Amino acid sequence: MKYLFKKEYLKFGFNMSQYVFRIGEIESMSGISARQLRYWESKGIIEPLERPDEQSGRVYPFKMFMKIMMIKTFLDQGNTLKNAVMHVDETQRFMRATHNILASAVHGLVYEDDTVFIDLGDFDAEGRQRLLAYQENSGEDEKVSYRLVDKADLEE
DNA sequence: TTTCTGACA
DNA sequence: TGTCAGCA
């Protein structure tokens, strides 16, 4: 078994904060008008990255795009803006916790033949065995299986 | 071209 | 919220 990615590479790959969008891009991606986005900002609901001056264009990080999409989802379900924001704030708390757990639980990706395994870290205190999670038939069957592997069998 | 603010509907 | 003006 060989590592596809180790944790440090995964972190880099999942770091979306490096991607930023201008208001026109957010508008076309989300369907929320620039006028609406500026209005939401005036209400303290969203905030662009810090701007050098008032006249320069707004720039939003990926996280803000996510928040905007979540607000839109609740809005489309018939919620008022106020309620939509309330739901999003609540949801984001759970998402943060979920992300933190996954970030610390996933140690890397391992592959053997055509199967990808998620390395969940040391299984025993001595660190002799590693717990891997995988799908028997990826796609059709969503059932996750586990396998214990001797650390010696894992190639860096 | 795009975005900004402010104003009016 | 949409739209328009007048700028940068």
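The values are calculated or read from the model by the stated rules, or taken from the named source; none is laboratory data. None of the values given here were measured: they were computed from a predicted structure. All Cβ positions, even for glycine, are placed from backbone atoms using ideal geometry, and neighbour counts span all protein chains on display. These area figures cover heavy atoms from the full protein model, side chains too; ligands, DNA and RNA do not enter into them. Shrake-Rupley method; radii C 1.70, N 1.55, O 1.52, S 1.80 Å.
Things to note:
- Pair-distance distribution of chain A: all C-alpha pairs, bin width 5 Å, starting at 0; shares per bin in whole percent are 2, 8, 13, 15, 13, 11, 10, 10, 8, 6, 4, 1.
- Taking every DSSP beta bridge that has both ends in chain A, the antiparallel portion is near 95%.
- Amide H within-cut-off set for A:Phe123, under 5 Å, with H built and near neighbours excluded: A:Gln129, A:Arg130, A:Leu131
- For chain A, the fraction of 1.4 Å probe accessible surface lying on carbon and sulfur atoms is 52 percent.
- DSSP H segments from chain A that extend 30 Å or more along their own axis, Cα-based, with Kyte-Doolittle mean of -0.5 or above: A:81-105
- Across the stretch A:43-57, rounded Karplus estimates of 3J(HN,Hα) from the backbone phi angles (6.51 cos²θ - 1.76 cosθ + 1.60, θ = phi - 60°) give 8, x, 7, 10, 8, x, 4, 4, 9, x, 7, 4, 8, 6, x Hz, Gly and Pro being marked x.
- Percentage relative contact order, the stretch A:1-126, counting C-alpha pairs under 8 Å, at least six apart: 31
- Within the listed set A:Asp113, A:Asp122, A:Asp89, the Gaussian network model of chain A (springs between alpha-carbon atoms below 10 Å) gives the highest mean-square fluctuation for A:Asp113.
- Most mobile listed residue (A:Asn79, A:Asn137, A:Asn100) in chain A, GNM with C-alpha springs under 10 Å: A:Asn137
- With each label modelled as a point 7 angstrom along the Cα→C-beta vector, the A:Ala97-A:Asn79 pair spans 1.7 nm.
- At 0.890 mPa s and 25 °C, Stokes diffusion of the stretch A:107-153 via Kirkwood alpha-carbon radius, µm² per second: 221
- Shape of the stretch A:83-129, Cα gyration tensor, a/c cut at 1.5: oblate
- Neighbourhood charge, 9 Å Cβ-Cβ cut-off, centred on A:Lys151 and excluding it, Lys, Arg +1 and Asp, Glu -1: -1
- Value at 222 nm in deg cm²/dmol, rounded to 500, when DSSP H runs of n ≥ 4 in chain A each add -39,500 (n - 2.57): -13000 deg cm²/dmol
- Comparing mean-square fluctuations of A:Glu112, A:Glu126, A:Glu90 from a GNM of chain A with C-alpha springs under 10 Å, the top value falls on A:Glu126.
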